[in-house]
Structures are given as C-alpha cells and as structure tokens.
Amino acid sequence: MHIIEEPALGGAPTRLKALTVPFAYPDGSHNCEALGIDATTGKIYLTTKVAGTVCAVYELETPLSGTAVKGAATARKIADLTVPTVTAMDIDPTGTRAVLLAGGAALAFTRASGQEWAAAFAAKPRRIPVPRGKQLEALCFAADGVTLHLTSETGKTLPADPTPFFVVPLAAEPATKGNGQ
C-alpha cells in the first residue's frame, strides 16, 4: 500500500511525501476497494469487497499510528459486516464516523468516545440517503467533516460521458451517541 501526503488546497504545486507500507491479511488475499484512515490514531481500516452480503473489516497498524513495523505488517480482522458489496469507505476527521458505500447506499457507523472501531462496526449502521447514480464507486468526507462527496465510474459504453459528482450534507450526530438508527 502507498500512502501519499494530502496536498494543501489552493497552494502551489509541491513535492509530496509518500510512504510505502507492505502488509498482508492474516487469512490470505482479499479484494478491497474501501479504505479509511482514522486521523486521530493513524490506523488504517480496510473493508473487503465480496459479492453478496458479508464483508470483513481489518485494522492495520502503520508508522502513521506510531507503530514501527519491520517487514510486512499484518492486518487484524475486527468485524464481519452483513452489507452489500462495499466499494468505498472514509472516516471523518474527528474519528467518530465511518461511512461505507455499499450496494449504492451509504452506511454510517458512529463510534462513541473511548469506543473501539470493532464495537462501532458491530452495531447497526445508519442509512444515509444518497442520489441514485450508476455504479457509485467512491466517497470521501469534505474538509468540514459533515459533507460527503460521491462519484461513480464513467460509462463503459460512452467513455465521453461525464462522471457525476454528488455532494451530500450529513445530519449532525452527538459525538457521545452510539450508532444512530
């Protein structure tokens, strides 16, 4: 995995720092399109992409989390989720909410203060209404932490078709609340 420093908005082009983190899953290779970094801990969370309704969430210690790793790090499985195929994930800047893009729906898992992500992923997610888009593939939190940006792949039959870009404001949730229903 390669981690590249996020560039400053509106700044002049600069050389960005990059970090290569070799890692392995403890149970063999997986298809994974969904990755989120908890900025409060530096830990990386990976959600497998499995056709059907069950996927797994793995936690990865990296130099970003203050862990010195020699050789390949091993991701640790922390949850199984019963959700449709997961294609994207992000964690808000405060480290309290993870959103997965799964089967065309956005699912929010909220972590209470002091709670581990494993416990947050064990609770039922809150469904976030998102625009219907063809093959939604990517999402991320805006810098404000309360807005999602979503997009999809371009049309395979008409590559010149523009890729849609959606902006979805999120309802505020108290940080101490568990997963809202």
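Which of the numbered conditions does ALA105 fail, given that it passes all the others? Conditions: (1) closer than 21 Å to VAL167 by Cβ; (2) touching a Gly at 6+ places or on another chain (Cβ under 7 Å); (3) open to solvent by less than 70 Å² (accessible area, probe 1.4 Å).
ALA105 satisfies every listed condition except (2).
How many residues are without any contact (Cβ under 8 Å) to a residue 12 or more places away in the chain and either farther than 18 Å from MET89 by Cα or open to solvent by less than 60 Å² (accessible area, probe 1.4 Å) (or both) when one looks only at segment 1-38?
The number of residues fulfilling the criteria is 10.
For segment 84-97, name all the residues that are touching a Gly at 6+ places or on another chain (Cβ under 7 Å) and more than 19 Å from VAL167 (Cβ to Cβ).
Scanning segment 84-97 gives PRO84, THR85, THR94.
Residues of segment 41-55 being open to solvent by 10 Å² or more (accessible area, probe 1.4 Å), under 15 Å from SER29 (Cβ atoms) and more than 13 Å from the chain's Cα centre (by Cα), which ones?
VAL50
If you take the residues of segment 84-98 that are closer than 23 Å to GLU153 by Cβ and assigned to a loop (DSSP other than H, G, I, E, B), which of them is modelled with the lowest pLDDT?
The selected residue is PRO84.
If you go through segment 112-134, how many residues are in contact with a strand residue (DSSP E or B) (Cβ under 7 Å, 6 or more places away or on another chain) and either free of Cβ contacts under 8 Å to residues at least 40 places away in the same chain or open to solvent by less than 20 Å² (accessible area, probe 1.4 Å) (or both)?
Adding up the residues that qualify gives 9.
Restricting to segment 142-156, and then to whatever is in a strand (DSSP E or B) and touching a Ser or Thr at 6+ places or on another chain (Cβ under 7 Å), can you tell me which residue is least open to solvent (accessible area, probe 1.4 Å)?
Within segment 142-156, the match that is least open to solvent (accessible area, probe 1.4 Å) is SER152.
The values are calculated or read from the model by the stated rules, or taken from the named source; none is laboratory data. Please read all numbers here as calculations on a predicted model, not as lab measurements. Don't worry about glycine lacking a Cβ; one is built from the backbone with ideal geometry, like all the others, and counts go over all protein chains shown. Each accessible area value is taken on the protein alone, full model and side chains, heavy atoms only, with ligands, DNA and RNA left out. Shrake-Rupley method; radii C 1.70, N 1.55, O 1.52, S 1.80 Å.
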